[in-house]
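The structure appears right after this line, and notes come after that.
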Amino acid sequence: GCLVCRFLPSRGNNEKGVPQLLIRDLKFEKKSLAKLMFSPDQENHPSKAPVKYGELIVLGYNGSLPNGDRGRRKSRFALFKRPKANGVKPSTVHIACTPQAAKAISNKDQHSISYTLSRAQTVVVEYTHDSNTDMFQIGRSTESPIDFVVTDTVPGSQSNSDTQSVQSTISRFACRIICERNPPFTARIYAAGFDSSKNIFLGEKAAKWKTSDGQMDGLTTNGVLVMHPRNGFTEDSKPGVWREISVCGNVFSLRETRSAQQRGKMVENETNQLQDGSLIDLCGATLLWRTAEGLSRTPTVKHLEALRQEINAARPQCPVGFNTLAFPSMKRKDVVDEKQPWVYLNCGHVHGYHNWGNKEERDGKDRECPMCRSVGPYVPLWLGCEAGFYVDAGPPTHAFSPCGHVCSEKTTAYWSQIPLPHGTHTFHAACPFCAHQLAGEQGYIRLIFQGPLD
């Protein structure tokens, strides 16, 4: 067999001297997995395939929306080169109250951005067709100009029933991404999107200003925040700094709170150009941008499935019931299975589900681990199925706390360092697979499995 298990000597209160197993000690067969590493779209003839600029993946969903992906509402959205360019670029500026300005706003075929300075004065910037770029729009609206419909993420929600009642903080026309149609296919992000009549209106209350070269710029109500990681999206990634992006794509430090009237300071040496691993926060949902090139180096669902089968083939056992444990298939990712592995989050010892060691004092949430007597939460383990969140192709050896989503060590380490915007002025680290706020010292734990006795 391709699986060589090296068992650790027994540790802690393991009376029977039963071998304990760390998944990273499984020697994963390199060749078989290398074949699975490449994305399916690379295997087909790349010359015929349409050019893919990249993908947007919504944080908090483990591979698909709770009620399934439908049309423009899904957990990930691929941006492909359009048959015909639909990008736009700024052209004429009109100071309002002029007939030209009124015409630009009312012309349904003319893109424009209106900046209302006062009741008496509006500046209208006309936008013209740009044959070198493609435009993609993201927002909460289901109107036709929106390519990717995004709704508020409710942490750990397995059904959409409880998500619709929440008053959304995501803008109907939240942002737009403009991709160059020629290599290197640079993607840039801008706050606000054009509505059905091809207009963007910044009302009296929105933060707006005249730039040094006489142009107008502004911020949307709750803002569009972007964070570019340092060292790309790799096992060496480190979190970058959150910035706000303006309607014209300029970069600013954050406002005091999301909707404060006063803009932050302009950051001259940074741009709105997206890079592999950039995070985009729309105040209610956070999106991860992966470039096509970055995705080609990322594990595929096939690769994750192979890792799942490798773990299950090692037949890890429950140290209490001695029953064999197995991760359920990726399709059954929200129903607890009877063979499901469970973990004590304080120590990392993996068991099958059992009723032993319940501590009644604390609502039955805390349990005592039979192996080492440490007391803490006891939760089922779930494989992280959204391959786009992985920074490497390592085996699933670690789990986020308190949700129990399992992935590679470097992936848990990376996400546990990232402060994700929460509400209007706080930040906290969260599991990318379910958006639950991380708990405990590190936010994740190393798993200790027990090997079979035979």
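State in Å² the accessible area per residue of region 301-446; use a 1.4 Å probe, count heavy atoms of protein chains only, and round to the nearest integer.
Counting only protein heavy atoms, the per-residue value for region 301-446 is 41 Å².
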Checklist entry - Is region 67-127 best put as rounded, prolate or oblate by its Cα gyration tensor, with a ≥ b ≥ c the root eigenvalues, rounded for a/c under 1.5, and otherwise prolate when a/b is larger than b/c, oblate when not? => result prolate
Checklist entry - Roughly to the nearest percent, how much of the accessible area of region 301-446 is carbon and sulfur, given a 1.4 Å probe? => result 49
Item to check | Surface accessible to a 1.4 Å probe, Thr133 within the full protein complex, Å² | outcome: 10
Checklist entry - Which value, in Å² and to the nearest 10, is the accessible area of His422 when all protein chains are kept and the probe is 1.4 Å? => result 90
Next on the checklist: Suppose the chain between Thr257 and Ala313 were pulled fully straight at 0.36 nm per residue; how much longer would it get relative to their current alpha carbon spacing?
Outcome noted: 15.1 nm
Checklist outcome for this item: With 0.36 nm assigned to each residue of separation and the Cα-Cα distance removed, Asn107 to Arg446 gains 116.1 nm
Checklist entry - Using a basic spin-label model with each label point 7 Å from the Cα along Cα→Cβ, how many nm lie between Thr424 and Asn269? => result 3.4
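Note down the relative contact order for region 279-348 as a percent, whole number, built from C-alpha pairs under 8 angstrom at least six residues apart.
On the way: 40 pairs, mean separation 11.3, N = 70.
Relative CO of region 279-348 lands at 16 percent.
Give the carbon-plus-sulfur fraction of the accessible surface of region 150-249 in %, rounded to a whole number; probe 1.4 Å, heavy atoms of protein chains only.
On the way: 2080 of 4380 Å².
Here it works out to 48 percent.
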Checklist entry - How many nm is it between the label spots at Gln215 and Ile95, if each spot is 7 Å from the Cα in line with the beta carbon? => result 2.0
Checklist entry - Roughly speaking, what is the stretch gain from Met330 to Ser374, that is 0.36 nm per residue apart minus the C-alpha to C-alpha distance, in nm to one decimal? => result 12.8 nm
Next on the checklist: Given a Förster distance of 56 Å, report the FRET efficiency between Arg188 and Asn323 from their Cβ-Cβ distance, rounded to the nearest 0.05.
Outcome noted: 0.55
Checklist entry - Between Asn67 and Ser118, how many nm apart are label points set 7 Å from Cα along the C-beta direction? => result 4.8
Checklist entry - Ranked by accessible surface with a 1.4 Å probe, highest first, in what order do Ser374, Ser131 come? => result Ser131, Ser374
Checklist outcome for this item: Between the residues Ser408, Leu438, Leu420, the Cα farthest towards the positive end of the dipole of region 301-446, that dipole coming from +1 and -1 charges on the beta-carbon of Lys, Arg, Asp and Glu, is from Ser408
Next on the checklist: I'd like to know how region 301-446 sits against the 2.2 N^0.38 Å rule of thumb: what's its Cα Rg over that expected value?
Outcome noted: 1.05
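The values are calculated or read from the model by the stated rules, or taken from the named source; none is laboratory data. All values reported here derive from a predicted model rather than from experimental measurement. So basically every Cβ, Gly included, is an ideal-geometry build from the backbone, and we count neighbours across all protein chains shown. The accessibility values were calculated without ligands, DNA or RNA, using every heavy atom of the protein model including side chains. Shrake-Rupley method; radii C 1.70, N 1.55, O 1.52, S 1.80 Å.
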